[in-house]
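Trainee: This is the structure I have questions about; it appears just below.
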Amino acid sequence: MIRTLRAVTELPLPRSRVFPFFADAANLDRLTPPEVRLRIRTPLPIAMREGALIEYRIALFGIPFGWRTRITRWEPESCFVDEQIRGPYQLWEHTHRFRENGSGTTMEDVVRWALPLAPFGELAAPLVRRELGRIFAYRERALRHALLGGPPP
């Protein structure tokens, strides 16, 4: 079963300040809760573009995984999409959209995800959904801290 997570963040900054933060893959670690233990294994800096491959190590619920994603769409200051090639999900497609909104930037994340090992994997879906919500809430706090100097996540 394919599920969708949607998160919207409003920032009082122009896209020209917000998008470059996301164009630097090294910042992903700053936006991820420490217990996920995200480590980018691809040598930095990564030239972000369509077709770019990024290798990570992560831990979900304390279980370590290798994760490889590909940038399948790259439209600077507007949108980019990363898709899992190898990792813990059956499907992971994360679309990042950036729009000017008159007072700054609206950043929208849409993640389409599915768990492996159906039908047994479906038993973990409520737990995974809650964990993804927690990770994206942390991400918003960390982003505000990084770009606006707000309180640490």
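Trainee: Quick test of your reading of the structure: H145 fulfils all but one of (1) in contact (Cβ under 8 Å) with a residue 12 or more places away in the chain; (2) more than 12 Å from the chain's Cα centre (by Cα); (3) surrounded by 15 or more Cβ atoms within 10 Å (Cβ to Cβ); (4) over 20 Å from I40 (Cα atoms). Name the failing condition by number.
Mentor: (1)
Trainee: Which count do you get for residues in the range 4-15 that are out of contact with any Ser or Thr (no Cβ under 9 Å at 6 or more places or on another chain) and either of a type in the set (F, W, Y) or open to solvent by 30 Å² or more (accessible area, probe 1.4 Å) (or both)?
Mentor: Here the count works out to 2.
Trainee: Looking only at the range 59-68, decide whether some residue is in contact (Cβ under 8 Å) with a residue 12 or more places away in the chain, surrounded by 16 or more Cβ atoms within 10 Å (Cβ to Cβ) and outside any strand (DSSP E or B).
Mentor: There is no residue in the range 59-68 that is in contact (Cβ under 8 Å) with a residue 12 or more places away in the chain, surrounded by 16 or more Cβ atoms within 10 Å (Cβ to Cβ) and outside any strand (DSSP E or B).
Trainee: What is the number of the single condition among (1) in contact with a Phe, Trp or Tyr (Cβ under 9 Å, 6 or more places away or on another chain); (2) farther than 22 Å from R144 by Cα; (3) touching a residue at least 24 places away in the same chain (Cβ under 8 Å); (4) in a strand (DSSP E or B) that E108 does not meet?
Mentor: Result: E108 passes all but (2).
The values are calculated or read from the model by the stated rules, or taken from the named source; none is laboratory data. The structure displayed is predicted, hence computed values, not measured ones. Methodologically, a virtual Cβ is constructed for each residue, glycine included, from the backbone with ideal geometry; neighbour enumeration extends over all protein chains shown. Please note that ligands, DNA and RNA were not included when accessible areas were found on the heavy atoms of the full protein model with its side chains. Shrake-Rupley method; radii C 1.70, N 1.55, O 1.52, S 1.80 Å.
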